[in-house]
Amino acid sequence: MASVEKKEPLWVPNPQSISGTNAAKFISYINQKHGLALQTYQELHRWSTAKASIQTFWEDAFTWLELPPPDSQHVHRMLGDSSSPTGGMFPPAKFFPTSFLNIAENILRGRADSVVAIHFAREGVSGIEPVTWKAFREHIRAIRSAMVNSGVVKNDVVAAVISNSVDAMAICLAALSLGAVWSSSSCDLGTTGIIDRYRQISPKLVFADDGYTYAGKTIKLGDRIVDWSHRLDCDQTLKNVVLVPYCNVPVAFEEIHRGCTMQSFLQRDTGEQLDFKLVPFSHPAFILFSSGTTGKPKCIVHSTGGAALKIKTDYTLQHDTSWVMWVLNLLNLSCASSMLLYDGSPFHPRPTILLELAEKTKVGVFGTSPRYLTELRDHGIIPYKSFNLSNLRVVTSTGSILSEDIYRWFYSKAFPPSVLLCSMSGGTDIAGCWGTPLLPVYAGEIQCKALGMAVDIFDATRPDPVSLGNNAEPGELVCTEPFPSQPLAFLGEDGNERYRSSYFERYGTTIWCQGDLVKQIPDTGGLVMLGRSDGVLNPSGVRFGSAEIYAVTETFPELSDSLCVGQKRDFDADERVLLFIKMKSGSRLDTDLAKRIRGAIRDRYSPRHVPKFIFEVADIPYTVNGKKCEINVKNIVNGRKSVASGTIINPGALDLYEKYWQLPKEGQEASHGSKDYDPKL
C-alpha cells in the first residue's frame, strides 16, 4: 500500500466560540447532573456509548432537547425498568415505553405567529414566498380537519406523490397530529415504482401533485396518476386520491380511481381546532423506502420518538442548529426558527440559484450533496466571492461520498473558511457517522461517530465479530448497542425476514451490520466511507471500495462520471476491476487518458487498485435518489440476472453493460491486441 502522510486539518474549531455551542452546553449539563468531568467530544462519545451509561445519555438527550410535551412527567426511561441494555437488537426493543409525544406538536410548540416558518421558492415562480407560523398552522389545521372527516384515524397510512413544497409539509404534519403514518415519493418516480411502494403499505389517502417543473420543463402527471390509481389494488383501505393543483395543469380527475380535487377535499374542513394525539415513543410515524435497485423497495418503518430524538440530537448537538432526507428536512423545523425550502432544479435557470436564495434569506445551515458541490466546481463558481454568505455556519453533504478533492476545493477557494463542512452517512437506516463543531475537518473524512451510536468496524474477512479499531483497514460498519432510531419494522411480504436478513444475517441479532465498508484513520479519528459491502472490490484478496476509485476519477476534467465494479464469473479464477467512464462532450477515451487514470490510481493507492479494463460508456445508471446502480451493473457483467426496478431513472443505460460479461478470461486479453478490450457481439 502507498504510504500515508499525516494530514493537516482544513478547518479547526474556534476556541472562543466552542463554549457557546449546543454540544458544549450539553456536556456542561451532563457534568453537572452526574458529577462528571467530560471535556472533549471523544469523551462525550465514549460516555454516550458505554454499556453503563448509554441509556442515561439517551434519557438526558430526550429531556434536554425538550421532546416531551411541557406537562408530561420528567422521568423517561430508555428501556423501561431495565437497568442496562439487553444487547439484543432484533426484534427491536420498545424504547421509552412510558413516554408519549407528538412530532407535529413538538415542531409547532411555542412559535410566534408573525415569524416566518418557511421561505418557499420554486423553479418557474418568481420571488420567495414567506409562510408565517400562523399561516402554516392554519394550513395544517384545515387539512387535519378534512382528514378527520375523511375517516383518517391513528395508525392509518397517509401517502403522497408530491414535490418538495409547503403543501407536502402541511399534509405530513396534519397526518402526524392524528397519529397517522406518513409516507411520500417524489413526483419523478415512475408508475411501477409508486405501485411497488404503496401497494405494500395500503394507504387511506394518497395526495398527488398534478405536475412538477424541473430544468425548465413542466411535466404533466395526470395520465400517470390515472394509471397507478387504478393499479394500486388498495381498495380495502383507500378512501381518496387527492389531486393537488401544484402546477395548475389540466387533469381529468374524474378518471382517477377514487379521485377528488384538493378543493373538494378541503371542503370537508368543519373548523375543528388543531389538536395533537399523543402517541407512544415507539408509535410508527414514517415509512421510508430503500432504493430498490435490485427488487421491490424495502418499506422501512421509523418510530415517532426514534426519528424525533435522533434527528434533534444530530442537528442540535452534532451540527449546532438552533433531510432518509425529507424526514430530516421536516424535523429541522423543530431545530430552527425558519427554513428555506426550494423545489426544482438546483441549476435552473442559473447554476447559482440556490446560492442566491441562501444569500437573500441569510441561511445558516445549507444542506446539499457531493454532486451539487462538484457541479459548482466544474462550472467555475466561487460562492465566497460572488455572494454574501456571512450568516452561513454549516454545510451538510449526503447522498454519496464526498471526495477529498471537493473538500479541498471547498476550503481553498469556494466557501468562507469559517464554515463547517459536514459529510454524513447512513440516514435511512442508522445515521451513525456525523459531524461536530468541536472537532477539526480533514479532507475526505467524516469527522466522528455520532453520539449515542456504539459504532465499530469489524474485520470483513472473518465470519466472527472481530473489531479492527482505528487501524485504517477497511471493514464492516456495525453498531453494537441498541439505539432508539432503529427501525420498528419492515412492511410488506416477508417484511420481518427482510429486516433480519438486511442487518442481522452476518453477526446475529445482537450486532447491527449496516452493509457499508468503512475505515477509521488512526491519527485523525475520522471515518472514510468506501461504498456498499456487497459492491466491495476484491482483486487478488485486496479489499477496497469503489469510492476510492471515484476519488481519483473525479480529478480528471475530461470525465463526466464513472462507475466501478468487480468481475468474477463462474469460470474466473480471480476478481478483476472494471472501470466505466462517461466522457464530457468533446472528449474521448484514448490510450493516453487511460494510462493517466491508471497511473493516478496506482500512485494514490497501489497496483492492485488499478482497473484491469477501462471502458467508455454513453451513460451511467442512477436511482431517483442519486445513487449509482453498481449492484445492477455488477450482476450484469458477471452474467447474473438483474431486474431493473422502477427506481432507476435511466433503466435503458443498463443495456450498455450487457456485452461486458463476455470479456475474455484472464490471460486471453493479449490476443485481442488492446488493454481496454471492447467486445464486438
*Pick out the one residue from K33, K7 that is over 15 Å from T436 (Cβ atoms), basic (K, R) and under 29 Å from the mean Cα position of the chain (by Cα).*
K7
*Look at region 584-639 and say how many of its residues are polar (S, T, N, Q) and closer than 22 Å to I401 by Cβ.*
5
*asked:* So D494 ticks every box in (1) at pLDDT 95 or above; (2) surrounded by fewer than 20 Cβ atoms within 10 Å (Cβ to Cβ) but one. Which box is left unticked?
replied: (1)
_Qualifying residue in region 540-547 (condition: of a type in the set (A, V, I, L, M), in contact with a strand residue (DSSP E or B) (Cβ under 6 Å, 6 or more places away or on another chain), under 23 Å from W11 (Cβ atoms) and not assigned by TED's automatic domain parsing to the domain that holds K449)_ = yes
*Count of region 568-581 residues which are farther than 22 Å from G599 by Cβ and surrounded by 23 or more Cβ atoms within 10 Å (Cβ to Cβ)*: 0
*asked:* Pull out all pairs, ordered by first then second residue, where Cβ-Cβ is under 9 Å, the residues are six or more apart or on different chains, the first lies in region 603-620 and is in the same structural domain as A653 (by TED's automatic domain parsing) and surrounded by fewer than 15 Cβ atoms within 10 Å (Cβ to Cβ), and the second is of a type outside the set (V, I, T) and modelled with pLDDT of 90 or more.
replied: A618/K582; A618/A653; A618/L656
*Checking N388 against (1) of a type outside the set (S, T, Y); (2) closer than 19 Å to F347 by Cβ; (3) not in a strand (DSSP E or B), the condition it does not meet*: (2)
*asked:* Being over 17 Å from V241 (Cβ atoms) and surrounded by fewer than 24 Cβ atoms within 10 Å (Cβ to Cβ) is the requirement here; does L189 meet it?
replied: no
*Quick one: in region 607-643, of everything that is among the hydroxyl-bearing types (S, T, Y) and not in a loop (DSSP other than H, G, I, E, B), which residue is nearest to K659 (Cα to Cα)?*
Y622
*asked:* So, restricting to strands (runs of 3 or more DSSP E) that lie completely within region 506-573, which ones have at least 3 residues that are in contact with a Lys or Arg (Cβ under 7 Å, 6 or more places away or on another chain) and not hydrophobic (A, V, I, L, M, F, W, C)?
replied: 559-567
*Restricting attention to region 345-374, and to residues there that are outside any loop (DSSP other than H, G, I, E, B) and more than 21 Å from the chain's Cα centre (by Cα), which single residue is surrounded by the most Cβ atoms within 10 Å (Cβ to Cβ)?*
A358
_Residue within region 210-225 that is within 28 Å of the chain's Cα centre (by Cα), buried (at least 20 other Cβ atoms within 10 Å of the Cβ) and in a helix (DSSP H, G or I) present_ = yes
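The values are calculated or read from the model by the stated rules, or taken from the named source; none is laboratory data. Please read these numbers as outputs of a predicted model, since none were measured by experiment. Positions of Cβ are generated from backbone atoms using ideal geometry, with glycine treated the same way; all protein chains shown enter the neighbour counts.
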